[in-house]
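Shown next, in structure tokens, is the structure this report addresses.
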Amino acid sequence: MTTAAVGPDRRPRLSGVDATRGLALLGMMAVHVLPERDPDGSVSTSYLIAAGRSAATFAVMAGVGLALLTGGTRPPSGRPWASAGAGLAVRALAIGAIGFAIGYAHSGVAVILPYYAVLFLLAVPLLPLRTRTLAALGLLIAIVVPVVSFLIRDVDKPPFLGANLTFGHLRDSPGTVLEELALTGYYPALAWTAYLCAGLAAGRLDLLRKRVALGLLVGGATVAIVAAATSWGLLGPLGGRDQLAATLSRPQDVAAIDRMLAEGQFGNVPRTSWWWLAVDSPHASTPLDLLHTSGVAIALLGAMLLLARQTWGRRVMTPVAAAGSMTLTLYTAHVLLLASGWLPADPEISYAVQVVAVLVAATVWRRLLGRGPLERAVASLAGRARDAVRQVGWVAPD
């Protein structure tokens, strides 16, 4: 059994799903807080593990959550789809508003929530699709959208880098903000729809079955390994790395390319060479990056679902699963804390303090009060939208 009912909200939850989402949150916090480099100048282990993969897992799990929210193995169609779409649109607007609001905190974090909101809007037409269609569409998006983006992006246009987007930006430069959210920003929603499709496809499966969980683990790991190996082959034996080095102002500085590949990009790769589309660096949003990180997320989900089938596994993951059940609240609190100046100066201590606070607070809150406060508020608004659609006669009651 992989479900767990906790707190006053007695609806069963898949603890493996919550735990995967919780690990993604902790990984994103690590990228925000821990040093990107070790004292010797090399890229830190925490960054190598979490950079790119944690945010991607966050997005994949959004798709899983939406699938579970809208029928699980039975996707909505017709009138129930219209009802679900109305609720999802309001949910997207609420999450986007929270994201733009916390942008005023100037935390230095590339806040993902406005991009998340666009992803939720893009998910509305995807809700009726089944697993195979979603998987094929996700693969197509992962391959085609980065190439189209490479062709049409303005090479000289500096992005906001996704940090500190506010209502002021939306008011003063709506076109620029929408372009960034969709195409040029840190988490470009059009390319990241590949993650959404992967999550929706996984969420339409029967996640209670051991065979499904094992398939997700093996299938995801296979995709991740093949994508990484393909990038290595293209950049190494086939000479891509040298071609990229030749585009630098100092072509002899091959070490600079190695640093760029390890540290990643800011949502998109440079347009100086087609070889950039062969990299799988963090936040590169290339085909191989999207496929590798999607595979990692799906494999992690499968592993957590398998672990949750064991009683001891569910007990071990309880704090992380509690955190994963209220990531909107905890992510928002994390961003605001980073901007507050209250945290210890030492990054390792700061991260440890935040992890302990997140796990303890989430466990207690979940046990006593159920949903997180922001999750409860957003769900209430979405529920009212669904009810309003039903009341005017557009949608028959479920």
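Bear in mind these aren't lab numbers, they're just calculated from the coordinates by the rules spelled out. Keep in mind that what you see is a predicted model, and the values were worked out from it rather than measured. Backbone-built Cβ (ideal geometry, glycine too); neighbour counts: all protein chains shown.
Tabulated data
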quantity	calculated
Highest-first arrangement of 22-29, 373-380, where packing means the average Cβ count within 10 Å	22-29, 373-380
Three-way shape label, region 3-391, alpha-carbon gyration tensor, a/c 1.5	rounded
Spacing of the two label points (7 Å from each Cα toward its C-beta) at D40 and T222, in nm	3.7
Relative contact order of the chain, defined on C-alpha pairs under 8 angstrom at six or more residues apart (%)	28
Folded to 0 to 90 degrees: helix 311-324 orientation relative to the chain principal axis, Cα	80
The chain: angle of helix 131-152 to the longest principal axis, Cα-based, in degrees nearest 10	40
Residue order, fewest to most beta carbons within 10 Å, for V389, V33	V389, V33
Global geometry of region 167-325, whether rounded, prolate or oblate, following the gyration tensor of its Cα atoms and the 1.5 cut on a/c	oblate
Taking H283, H292 and counting other C-beta atoms within 10 Å, the order from fewest to most	H283, H292
Residue order, fewest to most beta carbons within 10 Å, for T70, T57	T70, T57
By average C-beta atoms within 10 angstrom, highest first, the peptides 165-176, 340-351	165-176, 340-351
Sum of side-chain charges, R53 neighbourhood, beta-carbon under 12 Å (Lys, Arg +1; Asp, Glu -1)	-2
Mean residue ellipticity (222 nm) of the chain, computed from DSSP H runs ≥ 4 via -39,500 (n - 2.57), nearest 500	-21500 deg cm²/dmol
